[in-house]
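First the structure, in the form of structure tokens, and then the observations on it.
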Number of protein chains: 2
Amino acid sequence: MAERPYHHGDLRAALLTAAEEELTEKGVEGFSLRSVAKRAGVSHAAPAHHFGDTVGLLTALATEGFTRFQDTLDAREVGATDDRDRAVRAGLGYLEFALARPALFRLIFSSARPDFAAPDLLAAANRAYDHLVGLVATLGGGETDVIALWATSHGIADLSAGQKMRTLQGKSPEEREAMIRAVLSRCLPASDG
Amino acid sequence: MAERPYHHGDLRAALLTAAEEELTEKGVEGFSLRSVAKRAGVSHAAPAHHFGDTVGLLTALATEGFTRFQDTLDAREVGATDDRDRAVRAGLGYLEFALARPALFRLIFSSARPDFAAPDLLAAANRAYDHLVGLVATLGGGETDVIALWATSHGIADLSAGQKMRTLQGKSPEEREAMIRAVLSRCLPASDG
DNA sequence: CGGCTAATCCTGACACTGTAAAGATGCGAG
DNA sequence: CTCGCATCTTTACAGTGTCAGGATTAGCCG
């Protein structure tokens, strides 16, 4: 029964992981700051010093979430056969992240709770967007192609995260990937050859 | 200063319109049942009799929202030059609804608060989905085409509702529509001609 | 090594929220 | 006219976010 010391040591990190648990279990709309503090074994006002208020905590969590999102895409792009395949894999990574962490996905894309004007979060979001633009530019695409690839990837991911697209849920992983590859291919700039 | 009678008369409808106001101003995540009751000029426990709890009210609101969503699409489809144009117009209506009522859009597509297993809401959602399937079927498309059109339409709408797609925000309405038409066209079954 | 400052964390308080229970009101059927 | 019951209010309780003030201790300077 080691008495917990008055000073936690690394409460900021502990709160972030506790916050992610809370988010996963309760969703963005059921997220409670006091509950997060309980998970971390700390008083209900402890988070204030590190994150200000609930918005601050969710903003920090969203920032971390965005980099994890990008990491998932990057990991998927590894081993691409060509630039087109690479863009398609990015879209598959988009979906993979949405299915693996639906609550975090909603936090960074479909919530109004984080402060998306916060510099860190803004930078993380822009990083992901710039990466997408790079993928399309490599294929010789323009603004329209960026919108096409992003919107379609996002649509599939968001609808899947919310369990809205039952057509895809019914399919086997192989069939699913094949269909999505077909859909995403249409969004890429026309391949001349 | 007419004293409000003890019995409202049509409180259920009044609560629904008050709830939509609340949703528009505070968003799904700031939605408060007590605040809705205040808007309707009624005690905080009055909604319980008509809707049970907050979930019940949001479920009813989502059901209404879904039919309004479909109405917006239908209105846009009127005057289509051909079946392809009709499908594209449906996608434009999808976006129109998301921009006109972003909070309601999020409620029906990106929230976990309503009870999507409730028969009425389920029916309203299925009605919209069936309509989409019909549009694609008319063009001779299959499952893949349904996914393509839906995901892309939804992606554009959701990202726009959340102010994430600044590329589109910058454009004029005419440019915007032209780009979206181009993107949506790629999602339709190949036109043999 | 001693002491001071400031960061860290806790306690207590307030207003607000959702929901349940029980009482008040009045519509409408008989 | 009266009584039942749907409707609405009042009251109460647990939970939430946030602020103010107090307790603890780490780190630094002498």
### Message
Please give me, ordered by residue number, the chymotrypsin sites (Phe, Trp or Tyr not before Pro) of segment A:91-185 that lie in loop per DSSP and have at most 12 other Cβ atoms within 10 Å.
### Response
none
### Query
If the cut-off is a Cα-Cα distance under 17 Å, which aspartates and glutamates reach B:Lys164, setting aside same-chain residues fewer than 8 apart in sequence?
A:Asp115, A:Asp120, A:Asp130, A:Glu143, A:Asp145, A:Asp158, B:Glu96
### Message
Just to confirm the numbers: B:Phe116, label point 7 angstrom along the Cα-Cβ line, distances to the other copies in nm, shortest first?
### Response
2.0
### Query
On average, how many beta carbons from a partner chain sit within 10 Å of the beta carbon of a residue in B:169-182?
1
### Message
Quick check for me: using +1 on Lys/Arg Cβ and -1 on Asp/Glu Cβ, what's the dipole size of segment A:54-187 about its Cα centre, in debye to the nearest 20?
### Response
500
### Query
What is the packing order of peptides B:59-66, B:157-164, taking the mean over residues of other C-beta atoms within 10 Å and listing the highest first?
B:59-66, B:157-164
### Query
With the Cα gyration tensor of the protein assembly as shown giving a ≥ b ≥ c as the square roots of its eigenvalues, does the rule (a/c under 1.5 for rounded; else a/b larger than b/c for prolate; else oblate) give rounded, prolate or oblate?
oblate
### Task
Give the nm distances, rounded to one decimal, from A:Gly30 to the matching residue in every other copy, measuring between label points 7 Å along Cα toward the beta carbon; shortest first.
2.4
### Summary
Least to most buried among B:Ile156, A:Ile147, by other C-beta atoms within 10 Å and fewest first, runs A:Ile147, B:Ile156
#### Entry: Number of partner chain Cβ atoms within 10 Å, mean per residue of A:155-163
5
### Query
About its Cα centre, how strong a charge dipole does the protein assembly as shown have in debye, to the nearest 20, once Lys and Arg get +1 and Asp and Glu get -1 at the Cβ?
720
## Note on the structure
If unit charges are put on Cβ atoms (+1 for Lys and Arg, -1 for Asp and Glu) and the dipole of segment B:1-89 is taken about its Cα centre, the option from B:Gly41, B:Gly79, B:Ala60 lying farthest towards the positive end turns out to be B:Gly41
### Spin-label zone in segment B:89-113 - amide nitrogen under 11 Å from a point set 7 Å from the Cα of B:Thr17 along the C-beta vector
none
### Message
Which residue, B:Gly170, B:Phe97, B:Ser110, has the largest displacement toward the positive end of the dipole of segment B:54-187 when charges sit on each Cβ (Lys, Arg +1; Asp, Glu -1)?
### Response
B:Gly170
### Task
Using DSSP to define loop residues, name the GluC sites (Glu not before Pro) in segment A:2-55 whose beta-carbon has at most 16 other beta-carbon atoms within 10 Å.
A:Glu3
### Summary
chain A: relative contact order from alpha carbon pairs under 8 Å, six or more residues apart, as a whole percent, is 21
### Message
Need one word for segment A:61-193: rounded, prolate or oblate. Basis is the Cα gyration tensor (sqrt eigenvalues a ≥ b ≥ c); a/c below 1.5 gives rounded, then a/b vs b/c decides.
### Response
oblate
### Query
Near B:Gly52, within a Cβ-to-Cβ distance under 14 Å, what is the net charge of the other residues, with Lys and Arg +1 and Asp and Glu -1?
-1
### Query
Given Cα pairs under 8 Å that are at least 6 residues apart, what percent is the relative contact order of segment A:7-52?
35
## Note on the structure
Taking B:Arg34, B:Arg86, A:Arg106 and counting other beta carbon atoms within 10 angstrom, the fewest-first order is B:Arg34, B:Arg86, A:Arg106
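Read-outs throughout are calculated quantities, based only on the coordinates presented, and are distinct from any laboratory measurement. It should be emphasised that the depicted structure is a prediction, and the values quoted were computed from it without experimental measurement. FYI the Cβ positions are ideal-geometry reconstructions off the backbone, even for glycines, and counts take in every protein chain you see.
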